[in-house]
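Take a look at the structure below.
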Amino acid sequence: MTATCELPELDPAVETKREPRTAIVTGGSRGLGQAIVRHLGDSGYNIVFTYANGSYPDEVTSKGTRICAMHADVRDADSTAAVVKVAQQTFGHVDVLINNAGVIRDRALPQMSDQEWDDVLDTNLRGAFLYSRAVSGGFMRQMSGRIINITSITGLRGVAGQANYAASKAGLIGLTKALARELGPFNVTVNAVAPGFIETQMISHLNLRFRQQMNQRTPLGRFGTPAEVAALIEFLASDKSSYITGQVIGVDGGLGI
């Protein structure tokens with residue numbers, strides 16, 4: 001596991017206004033995760049993000065933003081603990097966890113291998129469990145914290161050929177609701193965001209005919225953008241969402257209606 005940290009001095013004027021919050025974003029090097037890192041960076045967060053593939057998103061250059069990029073495996077408990085430890089030691093505290101890392105291994109059920117099932121469940125669901133467990137003690141001690149799990153409309157509706165992905169995302173919804181009850185007494189909120197079809201590398205394989213069909217079924221008539229999802233995540237990470245917990249909020253253009 002490697003860590004690359006960019007830690008410029010903060011603008012004193014910003015420091016006197018407020019102490020920046022620190023967010024951990026899993027899977028932050030590309031797609032939706034990169035948009036989340038960029039969006040929170042623009043808002044002045046300290047950020048630790050993990051990546052398995054890809055590289056540091058150089059476009060996150062906001063004044064005052066301090067970033068650690070860590071090559072880490074979300075499926076590994078020791079790696080997870082190390083990421084949280086770096087965040088705490090570097091910035092002094094962790095305030096927000098965004099469980100975004102995810103993979104797809106689509107296959108019809110009769111042909112789906114054990115490995116394809118395990119890869120998806122271990123990354124999408126076990127990873128969120130490991131990170132939530134790793135930050136929960138600190139959140140409980142400081143009597144504050146935000147956990148935001150990135151699920152999917154697939155976890156709500158199911159999709160043929162995605163039994164592994166749908167199960168992992170539905171599991172995230174159950175995890176969200178259970179943790180909201182468990183951590184609520186410590187002023188920790190836990191919510192899930194359920195994107196529909198968002199223009200990222202994960203759906204780049206979809207053909208034009210399928211895209212047209214999905215657009216026809218979507219009241220807003222188009223796919224979403226990563227920035228539109230990131231804006232909701234920033235809200236859920238902020239004090240403005242302090243009375244919202246245990247919720248699954250769709251960003252799907254109305255597809256899930």
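The values are calculated or read from the model by the stated rules, or taken from the named source; none is laboratory data. Since we're looking at a predicted model, the values are computed, not measured. Counting neighbours? That spans all protein chains shown, and the Cβs are built from the backbone with ideal geometry, glycine included.
A few points about this structure:
- Contact annotation: residue pairs with Cβ atoms under 6 Å, 6 or more positions apart or on different chains, pairing a residue in the range 240-257 that is crowded, with 16+ Cβ neighbours inside 10 Å with a partner that is among the aliphatic types (A, V, I, L, M) and in a loop (DSSP other than H, G, I, E, B), are Gly253/Leu220.
- Residue satisfying all of: in the range 182-193; surrounded by 12 or more Cβ atoms within 10 Å (Cβ to Cβ) and more than 20 Å from Gly102 (Cβ to Cβ); nearest to the chain's Cα centre (by Cα) among these: Thr189
- A residue that is buried (at least 21 other Cβ atoms within 10 Å of the Cβ), closer than 24 Å to Leu175 by Cβ and of a type in the set (Gly, Ala, Ser) occurs nowhere in the range 49-71.
- Whichever residue in the range 80-124 is closer than 14 Å to Ala167 by Cα and among the basic types (Lys, Arg) and, among such residues, is surrounded by the fewest Cβ atoms within 10 Å (Cβ to Cβ): Arg107
- Residue in the range 194-204 that is surrounded by 14 or more Cβ atoms within 10 Å (Cβ to Cβ) and modelled with pLDDT of 95 or more present: yes
- Tally, over the range 204-224, of residues that are touching a residue at least 12 places away in the same chain (Cβ under 8 Å) and either among the aliphatic types (A, V, I, L, M) or within 16 Å of Leu40 (Cβ to Cβ) (or both): 2
- Matching residues, the range 65-107, being among the charged types (D, E, K, R), in a helix (DSSP H, G or I) and in contact with a strand residue (DSSP E or B) (Cβ under 7 Å, 6 or more places away or on another chain): none
- Count of the range 220-256 residues which are part of a loop (DSSP other than H, G, I, E, B) and of a type in the set (Phe, Trp, Tyr): 2
- Scope the range 225-239; condition among the acidic types (Asp, Glu), free of Cβ contacts under 8 Å to residues at least 40 places away in the same chain and surrounded by 14 or more Cβ atoms within 10 Å (Cβ to Cβ); matching residues: Glu228
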